[in-house]
Structures are given as C-alpha cells and as structure tokens.
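Worksheet: the structure to be examined is printed underneath.
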Amino acid sequence: MRSKMLRLVLSLTTLSVISLSANASVQESVPGEYVVKFKAHPAAMQLMSSKIQLGQSLHAFIKNRISSANIVVVQRASVETAESAISSLQENELVEYAEPNYIYHISKTPAQAGYINLWGLHNVGQTDKDGKVGVAGVDIDVEKAWDITTGSKQVLVAVIDTGIDYTHPDLVQNVWTNPGETGADSQGRDKSNNGVDDDQNGYVDDVHGFNFVNAAAPTNNPMDDHGHGSHCSGTIGGFGQNGTGIVGVNWNVKIVASKFLDANGGGTLEGAIMAIDYATKVGAKVMSNSWGGGGFSQALQDAVARATQSGAVFVAAAGNDGTNNDVSPAYPASFPVENIISVAAIDNQGNLASFSNMGARTVHLGAPGVNVYSSVKGGGYDTWSGTSMATPHVSGVAALLLAKEPNLTNAQVKQRLISTTRALPSLSGQTVSGGLINAYNALTNNTLESQTH
Ligand code: CA
C-alpha cells in the first residue's frame, strides 16, 4: 500500500526570526558608574580613608563608599566604554574587581522571561513579532483559570508530532516518564534500557514515548529532531515556575511523545496510525494533532475512532489552506468521529488568520495561532504561526479542565469547550461555536459569552 505523506500544519511565513536578544549579553546598567571592590590590604584600607586620594588613584569621582565591604561606587566619564573603564580600574593593583552598576527590576508573576510574548495566554495589547498591536483581552483567559487550577500530573496528554525535546528546561518537568519502564527489574537491570517490555504494553523500553518515523522498525526514542512537537508541547505544558522561557496552559501535566513526523516534518499514514494507537495504549486522555494532509483514509479514521472509544479527546488542526472544511474536508480534523475538536487560528487582534481553514459545521472553535512563542528543540524558543499553534492551546485547556474535573467523559469535555467559548465576530458563521477557546469559562462552565449557549 502506498503511504500518504502527511504534513505539519505549520505556516512557514514567520521563520525569519527577529533576534529577541541581540544585546542579551549587555545588561542594563547606570552609564559611567562602577562598583569597585578593594583587596583586603593595608594599603587599600589607607587609600579608602581619603576620598581625594581614592579618586586620584581610580581617576574617578567617588560616589559612595561601603567601607565595611571594601567597596566604592565611582563615576567616570560616560564617554568611555564600560569595557575600557573596567579594564582601567582593574589595572590598579589594589582593586580586586570592578563591575558595571547593574540595574535590576522587580520580578512579576509568572516570572517568565518570555511571558510578554505569550499574547495567547494574556493579551494586554502588546505588539506581536510582526509589530501588530494586539487587542487586550483577545486571549484564552488562562490567568483567571490558574486561580482554580494550574494543572495536574494525573492528566496524560499525547503530542502526536515530531517528538519532544524531553531535556528542554521548560519541558523536562512535564514530560511523561513511564513508571513501568523505570527502576530496576528482577535481575537488577535498569528497566529503561534492558530491552524488555517491562510493563507489557507492547512497546519495549518506552520511557518518554515512542518513535514511529521508521514505522517498520520503531524505536523508543521520541527526541524531537524538528522542533514542531516541542513547540506544541510548550504551549500545552511549559513549566511555569523555573523563571525562564515560557509558561504553558498547564504548569503541571504529563506529556507523552508519540512521534511519527520526521526531521523535515513529514510522516506516513502508517506511522500516524501507529502513533495514535500508541497514545491510545498508554491511556492519553487528550491527543494533540497539529498535522494534516492527504485524502480520506479509513484506516486513519479508524485509529481516531479507537482513540475516541478509549475516552480520549482528539484535538486536530483545521488546516492552513485558507479553505472551508465544510466544502473541502481536511484530515484528520474533518473525520466524522464524535470527539474530534477541529481548531482554527486567530491573530492577536481576534481576526481569523489568513491561512486558517474554517467551517461552520466542521471547525469547532478558534485559538491563538499567529506569532505564538514557545519552546523548540535544542533547548531553544521560537515564534511560529499555524493552526498547528492554535491546536495545543485547545489541548491545553482540555487538560486543565480534566485536572479540575477528572471524571468528565471526552464527549463532555468537547461539549464544555465548545459551549464556553467567547464569541468573536471573525469566528461567527465560520466555526461551530463562533468563538475563541476560553479557559476560565471552561472551568467555570460559563456559557454566557458564547453564541451557542
Ligand atoms: Ca513497555
């Protein structure tokens, strides 16, 4: 059987990256001011006792003396470079070190360096990477939801994609580790690499997930060699308390990597089926699918149906063709399986993204999908667009809802998410709900802001 190639639902229009940190190595400091520490030496002590002598010795105006710590703060001509000034100060044999007078800021909550980039989570009217000024409040309203829950390690989400960089500092805490494949076996060997299917789930040494890129010879290593799966994972569950990078919709969650898309973002139907079946086998309650392409496949639809029967919500990208899925179905999003949630993309002003598919009968809701900042492979971060990026926002809210109400069925989760959207004119008549996913409304079952209430 000829395999169909499936493609990532990622818009490549934004890969020309603006360097966010071109001057990251140059910390903000007071111009011309330096903190100088003297050695604990009698000559230094004597020098510090005379402000005039000290100033002459350092070719500087003495602004402040912290005698108990042998430190002075000096001002030098601000026309010289900091490097030059520090070099000059350190030439004094009595000086232990000299530093710029750094400026610090208060830390805000959540203290994520990239949080201002996460307009999808909290839109205060910041500009996006293309300079487009956001409309405050066009977001998924997750800050209020976090007052109710920040997620749960009991909720298992499968990212069916290019894998996950499971060593990424923002992902490592929330990547699933199979308890049945860790620790020592009866012979004292490490279960994670003993070549034995210790938990008898049909997959040998599946510690963080499985890799079906070579479907004929799958491996136990779902490391992301593209970046796309890591980007989606960061939106679902970037670790929210490490002070770096990003925060996801869930601060706590378990994400299992089911990889079938390769380093170029392509994968086979064969691999897709195996990847969905794996996610079903390990019991994922949410499956995030930011990919599509190919024509109708019964085999793929059957795999999605198996996932649905196991109780999973199957979230799928509507597609990036700018077309109407009611007229031209896109798969897997358009399969007539009851628990698929098909997701369109909006920008930071609430417009339907120009690339996004829509469909009043077959695309359920919208989510942030233009200039979304998240984690990528190799421990990095990047800003990408696509219904690929919108999808994990919905997967993330589904997981957050299950953290609060773990006994909901997949049908109830889907119904809740659709009925509690916030209405957006751009999505009215273009989607089933007519609205943008809203985490707070979902958790509080508030249907008053939705057109479907
Ligand atoms: Ca196993």
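A few remarks follow.
- Gyration tensor (Cα) of the range 29-101, equivalent ellipsoid semi-axes in angstrom: 19, 12, 11
- Once the mean of 1/r is taken over each pair of separate Cα atoms and inverted, the chain shows a Kirkwood hydrodynamic radius of 23.7 Å.
- Rounded to 5, percent antiparallel among DSSP beta bridges of the range 142-451: 25 percent
- Here the chain is treated with +1 on each Lys and Arg Cβ and -1 on each Asp and Glu Cβ, and its dipole about the Cα centre works out to around 720 debye.
- Near the amide H of Val155, within less than 5 Å, lie the amide hydrogens of Lys254, all on another chain or at least 5 residues away, with H placed in the peptide plane.
- Order of Phe210, Phe296 - criterion: other Cβ atoms within 10 Å of each residue's Cβ, fewest first: Phe296, Phe210
- Exposure proxy ranking for Arg76, Arg189, Arg306, Arg422, based on other Cβ atoms within 10 angstrom of each Cβ and starting from the fewest, stands as Arg189, Arg306, Arg76, Arg422.
- Per-residue extension of 0.36 nm, minus the Cα-Cα distance of Ser186 and Leu448, leaves a gain of 88.6 nm for this segment.
- Relative to the longest principal axis of the Cα atoms of the chain, the long axis of helix 269-281 lies at roughly 80 degrees.
- Nearest 10 degrees, 0 to 90: helix 298-309 Cα axis against the chain principal axis: 70 degrees
- Long-range amide H partners of Ile346 with built H, under 5 Å: Ala353, Ala367, Gly369, Val370
- The three principal axes of the Cα atoms in the range 171-319 give end-to-end lengths of 49, 40, 31 Å, sorted in falling order.
- Between 0 and 90°, nearest 10: helix 228-237 axis offset from the chain longest Cα axis: 80 degrees
- Positive-end residue of Ile236, Asn211, Pro222, charge dipole of the range 109-253 with Cβ unit charges: Ile236
- Computed over the chain: relative contact order in percent, which uses C-alpha pairs under 8 Å that are six or more apart: 18 percent
- In order along the range 415-420, the phi-based Karplus estimate (6.51 cos²θ - 1.76 cosθ + 1.60, θ = phi - 60°) of 3J(HN,Hα) comes to 4, 5, 5, 6, 7, 10 Hz; Gly and Pro are listed as x.
- Principal axis extents of the Cα atoms in the range 230-314, from largest to smallest and rounded to whole angstrom, are 45, 31, 16.
- With a cut-off of 15 Å between beta carbons, the residues surrounding Ser342 carry a summed charge of -1, where Lys and Arg count +1 and Asp and Glu -1.
- Relative to the Cα centre, the charge distribution of the range 255-316, modelled as +1 at Lys and Arg Cβ and -1 at Asp and Glu Cβ, gives a dipole magnitude of about 200 debye.
- Other residues whose C-beta falls under 15 angstrom from the C-beta of Lys51 contribute a net charge of +2, scoring Lys and Arg +1 and Asp and Glu -1.
- Taking the charge dipole of the chain about its Cα centre, with +1 at Lys and Arg Cβ atoms and -1 at Asp and Glu Cβ atoms, the residue from Ala98, Leu156, Asn123 reaching farthest to the positive side is Asn123.
- Here Glu83, Glu99 are placed in order of increasing Cβ neighbour count within 10 Å, fewest first, which gives Glu83, Glu99.
- Flagged links, alpha-carbon separation over 26 Å, of Lys281/Lys414; Lys191/Lys404; Lys191/Lys259; Lys132/Lys254: Lys191/Lys404; Lys132/Lys254
- Computed magnitude of the charge dipole of the range 164-206 (debye, nearest 20; Cβ of K, R +1, Cβ of D, E -1): 120 debye
- Averaging 1/r over each pair of different alpha-carbon atoms in the range 336-439 and inverting the result gives 13.9 Å, the Kirkwood hydrodynamic radius.
- Summed side-chain charge close to Leu365 - residues other than Leu365 whose Cβ falls under 12 Å, Lys, Arg +1, Asp, Glu -1: +3
- Label point at Thr409 placed 7 Å out along Cα→Cβ; residues across the range 331-349 whose backbone nitrogen lies under 13 Å: 338-339
Quick note: the coordinates plus some simple rules give every number you see, no bench work behind them. What you see is a predicted model; the values in this text were computed from it and never measured. Counting neighbours? That spans all protein chains shown, and the Cβs are built from the backbone with ideal geometry, glycine included.
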